[in-house]
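Everything on this sheet refers to the single structure shown next.
The values are calculated or read from the model by the stated rules, or taken from the named source; none is laboratory data. All of these numbers come straight from a predicted model, not from anything done at the bench. A quick note on method: Cβ atoms are made from the backbone with ideal geometry, for glycine too, and the neighbour counts reach across all protein chains shown.
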């Protein structure tokens, strides 16, 4: 059997191996889209119902429902970003604008967790603004969840990079080498897609996500792009 025949057979075998993964990705995207619309309706109606409640116990129950709907919505978003393959844009983006608007979106989560969330700095990069914002949003979400009440999360913008610095307990050593793999999480809830999606969002635009430092006093994650 010739070398070309062997190469062709190996390529066909690899394509067959990857086919179920591609189909699973398309299925995940379809399911996520189908779930998103009902979730939006549930959330809107639950908000309206909450406004009519007066009993504190009923209000607390409705807040739990809204919290779970929000959690499912974030999971759907992660699945969509994980499975979609839109071609990333490559144009100059203002990282300070990305940081400010993403911090604003995350302030409610930070306040609920009792965590101070701030940003500073300036810089630009060559990348995709939508993917950049989603990547930072996921990193911020993880940082807030990892930081105890009374702690602090700081977003530092520099040319072609954003650092997210928290005062949590650090990344367990057992997770450090697999941190950006799908379904790896140190929490008891969630699929562990947040860091994976953030990493994919950056890599698709020619960037990268790294754990720069971690200890018992906190962690620093750096989101990197090419210079604009």
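For the range 94-120, enumerate the residues that are more than 24 Å from residue 148 (Cα to Cα) and surrounded by 21 or more Cβ atoms within 10 Å (Cβ to Cβ). Spell out how you get there, then give the answer.
Step one: of the range 94-120, the residues more than 24 Å from residue 148 (Cα to Cα) are 94-98.
95, 98, listed by residue number.
(1) modelled with pLDDT of 95 or more; (2) surrounded by fewer than 21 Cβ atoms within 10 Å (Cβ to Cβ); (3) assigned to a strand (DSSP E or B): which one isn't true of residue 211, the others all being true?
(1)
May I ask you to say which residue of 14, 89 is touching a strand residue (DSSP E or B) at 6+ places or on another chain (Cβ under 8 Å) and either outside any loop (DSSP other than H, G, I, E, B) or at pLDDT 80 or above (or both)?
Numbers: 14 fails: touching a strand residue (DSSP E or B) at 6+ places or on another chain (Cβ under 8 Å).
89 is the lone residue from the list that is touching a strand residue (DSSP E or B) at 6+ places or on another chain (Cβ under 8 Å) and either outside any loop (DSSP other than H, G, I, E, B) or at pLDDT 80 or above (or both).
In this structure, is residue 153 in the same structural domain as residue 204 (by TED's automatic domain parsing), in a strand (DSSP E or B) and at negative phi? Before you say what the answer is, go through the steps one by one.
Numbers: in the same structural domain as residue 204 (by TED's automatic domain parsing): yes; in a strand (DSSP E or B): yes; at negative phi: yes.
So residue 153 fits the description; yes.
Could we say that residue 136 is in contact with a strand residue (DSSP E or B) (Cβ under 9 Å, 6 or more places away or on another chain) and either in a loop (DSSP other than H, G, I, E, B) or without any contact (Cβ under 8 Å) to a residue 60 or more places away in the chain (or both) here?
no
Looking at the range 171-187, is at least one residue touching a helix residue (DSSP H, G or I) at 6+ places or on another chain (Cβ under 7 Å) and outside any loop (DSSP other than H, G, I, E, B)?
no
Could you identify the single residue in 69, 76 that is surrounded by 13 or more Cβ atoms within 10 Å (Cβ to Cβ), over 27 Å from residue 154 (Cβ atoms), in contact with a helix residue (DSSP H, G or I) (Cβ under 6 Å, 6 or more places away or on another chain) and modelled with pLDDT of 75 or more?
Numbers: 76 fails: modelled with pLDDT of 75 or more.
Among 69, 76, only 69 is surrounded by 13 or more Cβ atoms within 10 Å (Cβ to Cβ), over 27 Å from residue 154 (Cβ atoms), in contact with a helix residue (DSSP H, G or I) (Cβ under 6 Å, 6 or more places away or on another chain) and modelled with pLDDT of 75 or more.
Looking for something touching a strand residue (DSSP E or B) at 6+ places or on another chain (Cβ under 6 Å), outside any helix (DSSP H, G or I) and in contact (Cβ under 8 Å) with a residue 24 or more places away in the chain - is there at least one such residue anywhere in the range 99-114?
Within the range 99-114, none of the residues are touching a strand residue (DSSP E or B) at 6+ places or on another chain (Cβ under 6 Å), outside any helix (DSSP H, G or I) and in contact (Cβ under 8 Å) with a residue 24 or more places away in the chain.
Would you mind telling me which numbered condition in (1) buried (at least 18 other Cβ atoms within 10 Å of the Cβ); (2) on the phi < 0 side of the Ramachandran plot residue 123 fails?
Only one criterion is unmet by residue 123, namely (2).
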